Amino acid sequence: MPSGAGPVPPPGPLAGLTVLDCATLFAGPLAATLLGDYGADVIKIEHPRRPDPARTHGPARNGTGLWWKMLGRNKHTATLDLSRPAGAALLLRLVEHADVLIENFRPGTLERWGLAPERLHEVNPGLVIARVTGFGQFGPYARRPGFGTLAESMSGFAAVTGEPGGPPTLPPFGLADGIAALVAASAVQTALLHRTLQGGQGQVVDLAIIEPLLTLLGPQASAYDQLGTVPTRTGNRSANNAPRNTYRTRDDRWVAVSTSAQSIAERVLRLVGHPEVIDEPWFAGGSGRAAHADLLDAHVGSWIAARDLDDVMAAFTEAEAAVCPVYDIRDVFADPQYRALDSITTVQDPELGPLRMQNVLFRLSATPGSIRWTGRPHGADNEAVYGGRLGLTADELKVLIDEGAV
């Protein structure tokens with residue numbers, strides 16, 4: 001374990017799995033992070049002269065990228081130029097002992113380097129190969145460069161996000177990449193489970209970043225197919241129910257109200273002093289309420305605008321109605337529920353000291369995940385990976401470094 005990592009946590013449920021993270025930026029690497037959080041032995045492979053750009057994305061302290069500290073946690077870092085024959089040969093040696101390889105090169109790149117899935121499976125038939133690309137491995141767009149922003153646009157997400165009459169709105173963070181990472185981690189574990197339960201061999205996971213977000217948009221495809229409807233931008237409102245919006249309080253704070261359940265909608269309208277609308281025929285279903293969003297927003301918004309945040313929260317809580325303040329990161333840090341869950345946890349970093357970051361995604365009662373160490377410097381584990389795992393001598397490693405393969 002890297003120095004400064006603190007006490008050794010218990011092994012996670014994925015302990016014993018070896019993952020080669022050959023991807024860059026966010027979707028593929030984050031999938032590997034999620035596997036590492038639950039005990040997988042992750043080796044991050046980076047180009048010797050072109051580190052993963054995620055190292056320099058976002059804010060930094062004293063030249064140390066803070067995003068990388070989270071994205072690179074629980075990973076050993078090694079450098080390898082896969083385009084060089086000696087580098088490709090070293091990867092094949094690592095593949096012999098690996099369970100998973102994650103990559104996001106443009107389709108055809110691994111094949112050009114002599115590292116096609118067929119070749120990797122010759123070396124290790126049980127290997128699960130996750131190929132995470134913008135548009136997938138085939139089709140007219142397959143070889144285009146693809147990023148999450150393009151997926152957010154092309155999936156239909158941006159078209160329905162924003163105010164009515166305003167421009168399509170993109171999220172200010174890697175939404176499509178993050179969702180794709182969750183799906184990739186699930187796909188990898190599904191393939192591993194097949195290998196274990198059914199005696200199957202390894203296989204290739206072909207994940208296009210444009211697809212997971214499309215799935216999360218719900219019934220849009222079926223509604224267009226059957227009804228010819230095309231959703232439009234509705235701001236913070238929902239086409240499926242109302243009242244559903246953000247509302248400003250008297251002390252200039254914001255709250256979000258959701259009434260997806262009929263019982264909650266009734267409680268909210270009773271709370272704000274308009275029980276008469278509950279008896280209207282249109283109030284009995286989400287679509288009917290959504291058609292009367294102007295009226296319902298006026299009732300709820302005026303009631304909230306006349307009260308301070310604490311009073312709004314107390315009244316909604318007593319009425320068992322769904323409400324939450326609109327938080328920024330300062331509020332997240334201070335919130336007692338997040339504190340109780342340890343959602344933002346403290347880890348020790350050799351460069352930065354105590355460092356706050358998001359904790360592992362979910363809690364397991366018997367085999368919990370853990371953050372064993374934070375993102376490591378570029379190539380910090382070359383000697384441990386190539387010497388300790390593959391048995392290369394110091395002289396052999398120096399030759400590979402000198403020729404640019406490592």
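The values are calculated or read from the model by the stated rules, or taken from the named source; none is laboratory data. Everything quoted here is computed from the prediction, not taken from an experiment. Glycine also receives a Cβ, built like all others from the backbone with ideal geometry; neighbour counts cover every protein chain displayed. Side chains included, ligands, DNA and RNA excluded: accessible areas come from the protein's heavy atoms. Shrake-Rupley method; radii C 1.70, N 1.55, O 1.52, S 1.80 Å.
Quick look at the values:
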{"item": "Residue among LEU115, LEU94 that alone is in contact (Cβ under 8 Å) with a residue 24 or more places away in the chain, in a helix (DSSP H, G or I) and touching a helix residue (DSSP H, G or I) at 6+ places or on another chain (Cβ under 8 Å)", "result": "LEU94"}
{"item": "Close pairs from region 390-406: first touching a residue at least 24 places away in the same chain (Cβ under 8 Å), partner of a type in the set (Ser, Thr, Tyr) and assigned to a helix (DSSP H, G or I), Cβ under 9 Å, at least 6 apart", "result": "LEU400/TYR386; VAL406/TYR386"}
{"item": "Members of region 28-57 found to be charged (D, E, K, R) and more than 14 Å from the chain's Cα centre (by Cα), listed by number", "result": "ASP41, LYS44, GLU46, ARG49, ARG50, ASP52, ARG55"}
{"item": "Residue within region 52-61 that is crowded, with 16+ Cβ neighbours inside 10 Å and part of a helix (DSSP H, G or I) present", "result": "yes"}
{"item": "Every residue from region 152-176 that is under 17 Å from LEU30 (Cα atoms) and among the hydrophobic types (A, V, I, L, M, F, W, C)", "result": "PHE173, LEU175, ALA176"}
{"item": "Top-ranked residue in region 129-148 [being at pLDDT below 95 and open to solvent by 40 Å² or more (accessible area, probe 1.4 Å); ranked as nearest to THR24 (Cα to Cα)]", "result": "PHE147"}
{"item": "Number of positions in region 99-112 that are surrounded by fewer than 22 Cβ atoms within 10 Å (Cβ to Cβ) and part of a loop (DSSP other than H, G, I, E, B)", "result": "4"}
{"item": "Residues located in region 264-297, provided they are of a type outside the set (A, V, I, L, M) and open to solvent by less than 60 Å² (accessible area, probe 1.4 Å)", "result": "GLU266, GLY273, HIS274, TRP282, PHE283, GLY285, GLY286, GLY288, ARG289, ASP297"}
{"item": "Residue in region 199-207 that is assigned to a loop (DSSP other than H, G, I, E, B), out of contact with any Gly (no Cβ under 8 Å at 6 or more places or on another chain) and either within 21 Å of GLY288 (Cα to Cα) or open to solvent by less than 30 Å² (accessible area, probe 1.4 Å) (or both) present", "result": "yes"}
{"item": "ASN104, sole failed condition from (1) in contact (Cβ under 8 Å) with a residue 60 or more places away in the chain; (2) of a type in the set (S, T, N, Q); (3) closer than 26 Å to LEU397 by Cα", "result": "(3)"}
{"item": "Within region 301-406, helices (runs of 4 or more DSSP H) holding 3 or more residues that are open to solvent by less than 40 Å² (accessible area, probe 1.4 Å)", "result": "309-318"}
{"item": "Which listed residue is more than 27 Å from ASP99 (Cβ to Cβ), in contact with a Lys or Arg (Cβ under 6 Å, 6 or more places away or on another chain), of a type outside the set (A, V, I, L, M, F, W, C) and at pLDDT 95 or above, from ARG250, ARG267", "result": "ARG250"}
{"item": "Counted residues, region 118-130 - those being in a loop (DSSP other than H, G, I, E, B) and more than 25 Å from the chain's Cα centre (by Cα)", "result": "3"}
{"item": "Whichever residue in region 210-229 is part of a loop (DSSP other than H, G, I, E, B) and more than 10 Å from PHE157 (Cα to Cα) and, among such residues, is most open to solvent (accessible area, probe 1.4 Å)", "result": "PRO219"}
{"item": "Residue among LEU20, LEU34, LEU25, LEU14 that alone is part of a helix (DSSP H, G or I) and either of a type outside the set (Gly, Ala, Ser) or open to solvent by 20 Å² or more (accessible area, probe 1.4 Å) (or both)", "result": "LEU34"}
{"item": "Single residue of region 62-79 satisfying the filter (polar (S, T, N, Q) and assigned to a strand (DSSP E or B)) that is surrounded by the fewest Cβ atoms within 10 Å (Cβ to Cβ)", "result": "THR64"}
{"item": "Filter pass, THR259 being part of a loop (DSSP other than H, G, I, E, B), open to solvent by less than 40 Å² (accessible area, probe 1.4 Å) and either closer than 29 Å to ALA321 by Cα or of a type in the set (Phe, Trp, Tyr) (or both)", "result": "yes"}
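Matching residues to (1) acidic (Asp, Glu); (2) closer than 26 Å to ALA142 by Cβ:
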residue: PRO9; (1), (2): no, no
residue: GLY16; (1), (2): no, no
residue: PRO29; (1), (2): no, yes
residue: ASP41; (1), (2): yes, no
residue: ILE45; (1), (2): no, yes
residue: PRO51; (1), (2): no, no
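For every residue, the table says whether it meets (1) farther than 30 Å from HIS194 by Cα; (2) touching a Lys or Arg at 6+ places or on another chain (Cβ under 6 Å).
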site	(1), (2)
LEU35	no, no
LYS44	no, yes
PRO48	yes, no
PRO51	yes, no
ARG55	yes, no
GLY63	yes, no
ARG93	no, no
ALA142	no, no
LEU150	yes, no
